[in-house]
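Q: Dropping the structure in here first, questions after.
The values are calculated or read from the model by the stated rules, or taken from the named source; none is laboratory data. As the structure is a prediction and not an experimental result, all values here were calculated from the model. Positions of Cβ are backbone-derived with ideal geometry, glycine not excepted, and every protein chain shown enters the neighbour counts. Side chains included, ligands, DNA and RNA excluded: accessible areas come from the protein's heavy atoms. Shrake-Rupley method; radii C 1.70, N 1.55, O 1.52, S 1.80 Å.
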Amino acid sequence: YYWRVQANNACGVGVYSATWNFTTVAAPGDCTTGTTPNILYTDGFEAGIGGWTTPAGVGTNTWAIATTNPHSGVNHMRGLDPSSATDQRLVSPAIALPTGENPVVLKFWHVPNMENSGTTACYDGGILEVSTNGTTWTQVPNANLLVGPYTGAISGSFGNPLAGLQAWCNGSAYSNVIADVSSYAGQTVQFRFRLGSDSSVADVGWDVDDVMVQSCQ
């Protein structure tokens, strides 16, 4: 932003001052001055499930294309939240992350409409994981969630396979999540959305839409 000042009063009109300026800080996950977004991957599920997979976990895996509550377009992914213990996985295609283009971020919109335990904990919930080999998975921690942190820890009272982990739950409208995955630059990764439910109350489930991976070049 640039500005200059000119006085104007009963005595007359002054000359313009020197020009000053300042530069704003980039919003979380946005590219800084001198760089532009490089879209590495984007999917709104309008063409179906595409390269995503739903491997077996615990119980029935209900992740599937839905049209009930899209963020944009007509399709989105939904995993149901049953009244039984499940660990349901939704896995992305492999995505190559470049070096020297930080920040590298994963962005998506979601409604984690799963059973909460108050405002800061969950009975059922969802987590985000990342893998470089498709076998070993690491949860993306709160520290790397630039926007949309986890709601709180999952209760261990009713057999949820994800008990004790920080998770999302208690959502009723779409919200944005931006995860910094710059530490994986130079590697090919997959992302995994895991929905964990317990043996008690059921709820609507987890809606996910408009997934994008972006770097800055």
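Q: Given the conditions (1) more than 16 Å from the chain's Cα centre (by Cα); (2) buried (at least 17 other Cβ atoms within 10 Å of the Cβ); (3) within 23 Å of Thr60 (Cβ to Cβ), which single one is not true for Ser157?
A: (2)
Q: Right, another one. Residues to consider are Thr24, Thr35; find the one that is in a loop (DSSP other than H, G, I, E, B), touching a Cys at 6+ places or on another chain (Cβ under 6 Å) and either under 30 Å from Ala143 (Cβ atoms) or in contact (Cβ under 8 Å) with a residue 60 or more places away in the chain (or both).
A: After applying the criteria, what remains is Thr35.
Q: Let me ask something else. Is there a residue being open to solvent by less than 20 Å² (accessible area, probe 1.4 Å) and touching a Pro at 6+ places or on another chain (Cβ under 6 Å) anywhere in the stretch 138-153?
A: For the stretch 138-153, residues open to solvent by less than 20 Å² (accessible area, probe 1.4 Å) and touching a Pro at 6+ places or on another chain (Cβ under 6 Å): absent.
Q: In addition: Working only within the stretch 1-49, note down all residues that are of a type in the set (A, V, I, L, M, F, W, C), touching a Gly at 6+ places or on another chain (Cβ under 9 Å) and over 30 Å from Ile178 (Cα atoms).
A: Val5, Ala7
Q: I'd like to verify a number: residues in the stretch 93-137 that are polar (S, T, N, Q), loosely packed, with under 14 Cβ neighbours inside 10 Å and closer than 28 Å to Cys31 by Cβ, how many?
A: Residues meeting the conditions: 1.
Q: Continuing with this model, one more query. Identify, please: which residue in the stretch 160-177 is polar (S, T, N, Q) and touching a Gly at 6+ places or on another chain (Cβ under 9 Å) and is, among those, least open to solvent (accessible area, probe 1.4 Å)?
A: Here the residue is Asn160.
Q: Testing Trp63 on (1) farther than 30 Å from Thr135 by Cβ; (2) open to solvent by less than 30 Å² (accessible area, probe 1.4 Å), one condition comes back false. Which one is that?
A: All conditions are met except number (1).
Q: Hey, could you check the stretch 17-48 for residues that are aliphatic (A, V, I, L, M) and open to solvent by less than 60 Å² (accessible area, probe 1.4 Å) and say which is modelled with the highest pLDDT?
A: Restricting attention to the stretch 17-48, the residues satisfying the condition of being aliphatic (A, V, I, L, M) are 18, 25-27, 39-40, 47.
With open to solvent by less than 60 Å² (accessible area, probe 1.4 Å) added as a condition, the list becomes 26-27, 40.
Values: Ala26: 91, Ala27: 93, Leu40: 98.
My answer is Leu40.
Q: Going by what's in this entry, would Asp180 be described as touching an Asp or Glu at 6+ places or on another chain (Cβ under 7 Å) and surrounded by fewer than 22 Cβ atoms within 10 Å (Cβ to Cβ)? I'd like the intermediate steps shown before the answer.
A: On the way: touching an Asp or Glu at 6+ places or on another chain (Cβ under 7 Å): no; surrounded by fewer than 22 Cβ atoms within 10 Å (Cβ to Cβ): yes.
It is false that Asp180 is touching an Asp or Glu at 6+ places or on another chain (Cβ under 7 Å) and surrounded by fewer than 22 Cβ atoms within 10 Å (Cβ to Cβ).
Q: Tell me which strands (runs of 3 or more DSSP E) are completely within the stretch 143-205 and hold 2 or more residues being of a type in the set (S, T, N, Q), or say none if there are none.
A: Details: elements: 145-147, 152-154, 175-180, 188-197.
In the stretch 143-205, the matching strands (runs of 3 or more DSSP E) lie at 175-180, 188-197.
Q: For the stretch 1-31, give me the residue count where each residue is under 20 Å from the mean Cα position of the chain (by Cα) and of a type outside the set (A, V, I, L, M). Steps first, please.
A: Quick first cut of the stretch 1-31, residues under 20 Å from the mean Cα position of the chain (by Cα) only: 26-31.
If we keep only those that are of a type outside the set (A, V, I, L, M) as well, we get 28-31.
Of the residues in the stretch 1-31, 4 are under 20 Å from the mean Cα position of the chain (by Cα) and of a type outside the set (A, V, I, L, M).
Q: Within the stretch 65-116, how many residues are free of Cβ contacts under 8 Å to residues at least 40 places away in the same chain and in a strand (DSSP E or B)?
A: 1
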